[in-house]
Structure formats: C-alpha cells, structure tokens
Amino acid sequence: MTSYEPELWLIRHGLTEWARDRRHTGRSDIPLLPEGEEGAAALVPRLAGVHFDLQLASPLQRAWRTAELAGLAPEPEPQAVEWDYGDYEGITTAQIQEKAPGWSIWDSPVPGGETVEQVAERADAVIARVRREAPTRAVVVAHAHFLRVLAARWIGQEPHLAAHLALHTSTLSVLNWDRGTAVIDHWNG
C-alpha cells in the first residue's frame with residue numbers, strides 16, 4: 001500500500017458561543033457566531049489557489065460551516081469530530097475542578113466520554129487516510145482538542161503532548177515533512 005508524505009493543513013473551526021465561554025464542546029452541534037463566520041471567511045484569500053488532493057471536515061456544523069465559508073468543498077470525516085466529553089459536555093474546566101480538584105482533560109477521567117488514547121486512535125486513522133489518499137497536500141477542518149492530538153500523533157508523540165499546543169479559532173496550521181521526518185511547520189497562523 002502506498003504511503004505518501006503530504007503537507008497536512010489543519011483549520012480549527014470559527015468561534016462559537018461555547019468556545020468563547022471556554023465550555024467543553026464535544027459532540028454538541030453548536031453553530032458559529034457571526035464573528036466565527038467572519039473568521040472562517042477570512043481564510044478564503046489564504047486558501048485561494050492552493051490545491052488539495054483531499055479535503056476533509058468534521059460533520060459537526062461548526063467545522064463544516066467553517067470549511068464552506070473558507071471556500072472548501074470537503075468530504076465528511078466522522079473520525080475528526082471533537083473529543084467526546086461525556087458528563088463534562090457544556091461545562092468549563094473551572095466548574096469541573098470545583099468537584100474534581102486538579103482535573104485536566106489530558107490526564108484525568110472523563111465520565112461517560114473518551115480517553116485521550118481513544119481520541120489518538122481516531123487521529124491516527126485520519127492521518128493514515130491522509131497519507132494513503134493525498135500525494136501532495138490535504139486539509140482537515142475540525143476541532144481544537146482533536147487537532148491538537150492529531151498534531152502530536154503526526155510527529156510521533158504521545159497524545160498528552162497536545163496539552164502544550166494551544167489552538168485558536170479560525171486558524172491555519174501546517175504539518176509537513178523534513179527529509180522524511182514529520183514536523184509541525186506552522187502553528188496557529
């Protein structure tokens with residue numbers, strides 16, 4: 001089976017009410033705010049004229065709409081949905097820590113949700129698809145925690161490294177290769 005070394009462009013969806021309020025937004029299908037739509041549309045000139053062999057987006061509306069507003073025509077990629085936060089869906093880390101001091105998404109239990117290792121398995125599946133189907137360049141439009149884990153896995157690291165990769169809304173990041181070594185080429189642009 002052929003395995004390519006393409007560039008992988010990552011786009012985090014535009015601003016939502018829950019992202020603005022720092023609420024864990026996993027599988028809830030939250031729409032973009034007007035500012036989120038503006039941020040997504042602002043990506044158009046940066047993507048104009050760029051050829052992608054493969055365009056993927058999470059099917060959740062905040063990512064899908066971001067892709068559309070950015071001028072992309074993606075295929076849905078169900079593996080690229082955000083972390084399943086289970087019982088912590090819709091609440092903030094500070095609220096969780098009131099009941100579970102020191103809690104962190106990166107190394108603490110998520111009742112009713114996914115582990116970081118399960119998110120990493122999905123990220124690995126997306127990476128495998130990109131490397132199988134995109135000879136030169138692909139783009140994935142998705143969510144902050146998922147994309148952070150994907151970036152860590154791209155460079156061969158444990159998913160917990162993602163804790164150190166903050167990712168803002170409506171940003172473009174590029175994963176690439178340097179003489180056969182996977183690298184983070186550009187982050188939060």
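If the chain linking Glu158 and Ser28 were pulled fully straight, counting 0.36 nm for each residue of separation and taking away their Cα-Cα distance, it would gain 44.1 nm.
Between Asn188 and Asp107, residue separation times 0.36 nm minus the direct Cα-Cα distance comes to 26.8 nm.
Counting only protein heavy atoms and a 1.4 Å probe, the chain has 46 square angstrom of accessible area per residue. Farthest toward the positive end of the dipole of region 126-189, out of Val149, Val126, Ala166, is the Cα of Val126, where the dipole comes from beta carbon charges about the Cα centre. Remark: the Asp124-Glu75 segment gains 15.9 nm on full extension, using 0.36 nm per residue and subtracting the alpha carbon distance. Rg and Dmax, both from the Cα atoms of the chain and both in Å, are 15.9, 50.
To put it simply, the accessible area of the chain at a 1.4 Å probe is 49 percent carbon and sulfur.
For the chain, averaging the sequence separation of C-alpha pairs within contact (under 8 Å, six or more residues apart) and dividing by the residue count gives a relative contact order of 32 percent. For the chain, the antiparallel share of DSSP beta bridges with both residues in that region comes to about 50%. Take Leu10: with every protein chain present and a 1.4 Å probe, its accessible area is about 0 Å².
The values are calculated or read from the model by the stated rules, or taken from the named source; none is laboratory data. These numbers were taken from a predicted model, which means no experiment stands behind them. With ideal geometry, Cβ positions are generated from the backbone for all residues, glycine too; neighbour counts draw on all protein chains shown. Calculation scope for accessible area: heavy atoms of the full protein, side chains included, ligands and nucleic acids excluded. Shrake-Rupley method; radii C 1.70, N 1.55, O 1.52, S 1.80 Å.
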